[in-house]
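To start, the structure under review is shown below, and the notes come after it.
The values are calculated or read from the model by the stated rules, or taken from the named source; none is laboratory data. Computed from a predicted structure; not experimentally measured. Please note: Cβ atoms are built from the backbone with ideal geometry, for glycine as well, and neighbour counts cover all protein chains shown. Keep in mind that these areas ignore ligands, DNA and RNA; they rest on the heavy atoms of the full protein, side chains included. Shrake-Rupley method; radii C 1.70, N 1.55, O 1.52, S 1.80 Å.
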Amino acid sequence: MTESIKGDLYPDIVTMGGLISAIEAAARKKGVDLSRVYSQYESGPGLYVTAEVDSSRGRISVSLDDRSRAFHLGIQENRFIWADGVTEDLEEVVAACSAWRDGTPVEEFAEEFPFMTPGRLARARETGDSTQAQWKWLRTSEIFTAERPLVEAFHADGRFHDLFPNLSHGTLRLSTNFGVQGAREIQVIPTSGGTYRVEDTAAKISGRLAASLEEALAAAAESLSGD
């Protein structure tokens with residue numbers, strides 16, 4: 001199945017029998033331990049053009065570009081993006097994987113591997129400030145001007161500072177676990193006429209309709225106090 005790899009772009013990868021084998025060989029050459037290198041694919045073309053390496057700060061994913069010689073790297077922990085980037089050099093891929101697994105701090109990692117761009121909240125998460133950084137972004141970014149009154153009201157209230165906020169199609173989602181998929185959320189959904197629906201994803205009953213923003217604040221706080 002190495003025919004799925006473009007030989008003119010990746011003759012070294014073809015010779016090695018695929019991306020996983022090539023990364024393992026490069027790691028041995030550099031004398032670094034990446035532990036297990038694997039693919040999320042068990043068969044088919046993906047098995048030869050993708051590779052994964054685990055770390056204590058998420059999974060490092062590597063894939064081959066099919067238009068030009070380029071290794072795409074992404075470091076993700078659940079849905080949180082630590083960093084991503086592109087390089088033409090397989091040895092840089094291995095070095096970056098090794099450094100990240102060794103616990104290199106985000107700022108130092110970005111300086112050592114300038115082709116890698118840290119995620120918007122990567123530095124804040126490293127220092128334990130990602131929730132407050134996210135609140136600040138939602139309160140100041142021009143992207144969310146229309147939702148600003150809703151965000152400001154919940155931030156100013158003071159009872160929701162420990163919840164990780166996000167906006168999706170106008171809905172304010174307050175997560176109990178940094179926005180991880182499946183985590184409990186308090187969702188505040190603007191509806192017609194200046195009303196709101198407040199949903200608690202952990203509740204067995206349907207959400208409550210709030211006639212005003214003040215009622216929405218009270219309903220959301222009541223959901224939390226019922227823990």
Top of Gln181, Gln76, Gln134 by mean-square fluctuation, Gaussian network on the chain, Cα under 10 Å: Gln181
Partner aspartates and glutamates for Lys29 [C-alpha distance under 17 Å; skip if fewer than 8 residues away on the same chain]: Asp12, Asp89, Glu91, Glu92
Extension gain, Thr201 back to Ala25 (0.36 nm per residue minus Cα-Cα distance, nm): 58.7 nm
Rg followed by Dmax, in Å, when the range 89-219 is reduced to its Cα trace: 18.6, 59
With DNA, RNA and ligands ignored, accessible area of Leu163 (1.4 Å probe; Å², nearest 10): 20
Average accessible area per residue (Å²) across the chain - probe 1.4 Å, nucleic acids and ligands excluded: 53
Rg ratio (alpha-carbon, reference 2.2 N^0.38 Å) - the range 1-151: 1.20
Order by protection proxy (mean Cβ within 10 Å, highest first), peptides 114-120, 81-87, 47-53, 206-212: 47-53, 81-87, 114-120, 206-212
Distance cut-off 12 Å, percentage of C-alpha pairs in the range 133-177 lying past it: 56
Low-density loop positions, trypsin sites (Lys or Arg not before Pro), the range 24-59 - DSSP coil, at most 10 other Cβ in 10 Å: Arg36
Relative contact order for the chain, counting Cα pairs under 8 Å that sit 6 or more residues apart, in percent: 10
